[in-house]
Amino acid sequence: MKINNSILIVAAFFLSLSQEVYSQEIYVDPTTNQNGNNGSLEKPFNSLSKALSYANSLTGIGSITIKLNPGLYVLNKRQDINPIRKMTDSTRFVIEAVYMPDDVGWSQEKMPRILSVSGNNSVTQFPHTTGFLVSSAYVTIRGLKFLGNANPTISYYYPISKENQELEDLMVSQCYFIGDKESAPIQGGVWAHGPKNTIENCVFFQCRNGVLFFNNVEGFTIKNTIVTESYESAFWFGAKDYKFNFSNNLIFNNNHVLVGAKDVSYSSAFNNSIITQNGGYTGYWSSADQAIMKNTKPFIKENRIISKGKLEILKNTELILSKNHLHLVNGLKGQEFKVGIFK
């Protein structure tokens, strides 16, 4: 039986339209006190929890985007991303700022701030606290500023976690992760299992650890990112030799650069980055000593890595944060890598 090509084209066109019809945008504004709002642009929800509960319940097909207005979002419980709707590479589940860093007129005050005060809310591997628990494939989180956890009863806080190692494609883009080990620490900015995770154009500052990728993490990417002043390690990688892409990053003033398994040697390389001013380079965790043990030789390949020179970031000295807060001080080498939250 022959099928007219024009019929197929028309059918494909209407299928694409149907996907667009079911795509959903949900707005949140933490400054509104209206409890009966429906999440529209004109009537945003007043909490992230309400937005996620609604988004997770949506059926049908198409992307789901939660857009956060400026303000402080205080998390008193774990925020679960587990939609009924099946997400795909082209129809993703997105949590993003209404105003993105590359928008005209953007300033630090327009960036949504995420602060956790939750107690332990996960027992996977060990008791800990998670901000966003990603339980779906094809999730994007972008344009947000993650602060630490101010609850004095917890020891381990991870702003973004993905526990299911079968779920692929978590993208974290244009986000800050800013810890304060004295009052609101971050144990690890992003702790994720599963393949094809991406960290791009982010800043990790004074987190105990920056990025932790462990099980079944084949094909992960870390690029155009700053990790500095980690007081344990910038990165922890899993015990297997997973392929990854690492390029155009600035890794400096950390206690260690990379912690991995004692006997693993990674075939992928650190590429086109500056890695300098760190206390140690590579190491492994010793359960007996409860400490990171330095390796006598790095177990990571290097390609076009600059290991000399001094890097410095712009810290706050004014009442209002500079647009380039925690980015490289102007004039220093490294600007060419286009790191940080601006693309």
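The values are calculated or read from the model by the stated rules, or taken from the named source; none is laboratory data. Please read these numbers as outputs of a predicted model, since none were measured by experiment. So basically every Cβ, Gly included, is an ideal-geometry build from the backbone, and we count neighbours across all protein chains shown.
Numbers at a glance
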read-out	value
Within the stretch 207-243, considering residues that are over 15 Å from the mean Cα position of the chain (by Cα) and under 25 Å from K308 (Cβ atoms), the one surrounded by the fewest Cβ atoms within 10 Å (Cβ to Cβ)	Y231
Meets criteria (within 19 Å of V339 (Cα to Cα) and not aromatic (F, W, Y)) for N215	no
Residues that are in contact with a Gly (Cβ under 9 Å, 6 or more places away or on another chain) and either assigned to a strand (DSSP E or B) or more than 18 Å from W285 (Cβ to Cβ) (or both), drawn from the stretch 230-251	S233, A234, F235, W236, F237, K243, F244, N245, L250, I251
Members of the stretch 192-212 found to be over 21 Å from D89 (Cα atoms) and part of a strand (DSSP E or B), listed by number	V203, F204, F205, N209, G210, V211, L212
Scan of the stretch 99-139 for residues that are assigned to a strand (DSSP E or B) and not hydrophobic (A, V, I, L, M, F, W, C), ordered by number	R113, S116, S122, H128, T129, T130, G131
Residue list for the stretch 28-68, filter: more than 23 Å from the chain's Cα centre (by Cα), outside any loop (DSSP other than H, G, I, E, B) and surrounded by 20 or more Cβ atoms within 10 Å (Cβ to Cβ)	F45
Condition met for T153 (farther than 30 Å from L319 by Cα and either in contact with a strand residue (DSSP E or B) (Cβ under 7 Å, 6 or more places away or on another chain) or aliphatic (A, V, I, L, M) (or both))	no
The one condition in (1) over 20 Å from T130 (Cα atoms); (2) in a helix (DSSP H, G or I); (3) modelled with pLDDT of 95 or more that T91 fails to fulfil	(2)
Selection from the stretch 166-180 of residues that are part of a strand (DSSP E or B) and either touching an Asp or Glu at 6+ places or on another chain (Cβ under 7 Å) or among the hydrophobic types (A, V, I, L, M, F, W, C) (or both)	L170, M171, V172, S173, F177, I178
Flag if A97 is modelled with pLDDT of 95 or more, surrounded by 20 or more Cβ atoms within 10 Å (Cβ to Cβ), farther than 30 Å from P152 by Cβ and of a type in the set (G, A, S)	no
Near pairs, Cβ below 6 angstrom, 6+ apart or cross-chain, from the stretch 14-29 (closer than 11 Å to T65 by Cα) to any residue that is modelled with pLDDT of 50 or more and basic (K, R)	Y27/K67
Checklist (1) under 19 Å from N254 (Cα atoms); (2) modelled with pLDDT of 95 or more; (3) of a type outside the set (V, I, T) applied to K297, failing item	(2)
Members of the stretch 72-94 found to be buried (at least 17 other Cβ atoms within 10 Å of the Cβ) and within 20 Å of G62 (Cβ to Cβ), listed by number	I81, P83, R85, M87, T91, R92, F93, V94
